[in-house]
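Worksheet for the structure shown next.
Rule-based calculations on the coordinates, nothing more; no lab input. Quick caveat, the model's predicted, so the values are computed rather than measured. So basically every Cβ, Gly included, is an ideal-geometry build from the backbone, and we count neighbours across all protein chains shown.
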Amino acid sequence: MPQYGLDLALFNFVPVLLTALALVCIARLVRALAPSSALMALAGAALVVLAGLCKATWKLILALGGPELPWLASALFPLMAPGFSLLALAVWRAQRRSAALPRRPWLVPLVLIGLAYGIAALRNWGLAVERGWFLPLLALASVANLTLTVLLLRETWRRRAVWLAPLFLVNLAMVFALQRIARIEPMTLSLHWLEQSLTALGAGAFALGACLLYRRARREPAGATGA
């Protein structure tokens, strides 16, 4: 792994801040649609932002000549997977506010998260697979992120704002592009810059789409769109 420069380490915080802006808008959208799901959305947003801050802080510590803290770098998916799961379930519940919903709103996401963590623990300690925890949590984070994107695309359709859809699709495309880049060896400094530039591009598109979608929802009277 190449040594991080301070400029690259600081740039890592840009997509984190953009993602935080996007998730705040999504949480506010959920609160406007279904206040009972607002806490779930806020909890999910907080976990995702904390995941990004952990990874960015780890890189900043390295750039400043500090110690290697692998637990800080490894916190990304253990926090992101439940975060995106809670967000996706919150948006889904908000969109179905007029339909019959389970009385225990936290049950489904907690079961899914617990199942993923159970499989991760089994692979990591029971089967002694090296970094066995990584794949199940990566899978949950990816599926939850994809589900959230699909739900947001559905909301653009319901709000007659399909022109916002490309912004969410750009973010999704960057996620898949970054997965390919992450498999390239050796990971040079220029590749790290490319990785973070694409991350910032995706996060910026995501933030713009989420903010405009929330503004669109605010302008419409309650019940103007169908569930």
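Quick one: dipole size for the range 6-219, taken about the Cα centre, charges +1 on Lys/Arg Cβ and -1 on Asp/Glu Cβ, in debye to the nearest 20.
That gives a dipole near 1340 debye.
Out of residues 5 or more away from W133 or on other chains, whose amide H comes under 5 Å of its own, with H placed 1.01 Å from N in the peptide plane?
Correct list: N124.
Modelled label-to-label distance, F176 and L64, 7 Å Cα→beta-carbon offset: nm?
3.9
Could you identify which residue out of M174, M80, M40 has the top mean-square fluctuation in a GNM of the chain using Cα springs shorter than 10 Å?
It is M174.
What residue among F134, V91, G114 has its Cα farthest toward the positive end of the dipole of the chain, where the charges are +1 on Lys, Arg and -1 on Asp, Glu, each on the Cβ?
Farthest towards the positive end: V91.
Can you work out ³J(HN,Hα) from phi for every residue in the range 129-142, in order, using Karplus 6.51 cos²θ - 1.76 cosθ + 1.60 and θ = phi - 60°, giving whole Hz and x for Gly and Pro?
7, 4, 6, x, 6, 5, 4, x, 6, 4, 4, 5, 4, 5
Would you calculate the separation in nanometres between label points at W125 and V150, each defined as 7 Å from the Cα along the Cα-to-beta-carbon direction?
With each label point 7 Å from Cα toward Cβ, the separation is 3.3 nm.
Read phi for every residue in the range 195-204 and hand back ³J(HN,Hα) as whole Hz from Karplus 6.51 cos²θ - 1.76 cosθ + 1.60, θ = phi - 60°, with x for Gly and Pro.
Residue by residue, the range 195-204 yields 4, 6, 5, 5, 4, 5, 4, x, 5, x Hz.
Could you calculate the FRET efficiency of W106 with L50 from 1/(1 + (r/R0)^6), where r is the beta carbon distance between them and R0 is 25 Å, rounded to 0.05?
With a Förster radius of 25 Å, E is 0.85.
Through the Karplus equation 6.51 cos²θ - 1.76 cosθ + 1.60, θ set to phi - 60°, convert the phi angles of the range 31-45 into ³J(HN,Hα) values in whole Hz; use x for Gly and Pro.
Computed from phi, the couplings for the range 31-45 are 4, 5, 7, 8, x, 5, 9, 5, 5, 4, 5, 5, 5, x, 4 Hz.
Within 15 Å, Cβ to Cβ, of F13, how many net charges do the neighbouring residues add up to if Lys/Arg are +1 and Asp/Glu are -1?
Neighbour charge sum, excluding F13 itself: 0.
Sort 177-185, 19-27, 45-53 by packing, meaning the average of other beta carbons within 10 Å per residue, with the highest value first.
Packing order, densest peptide first, comes out as 19-27, 45-53, 177-185.
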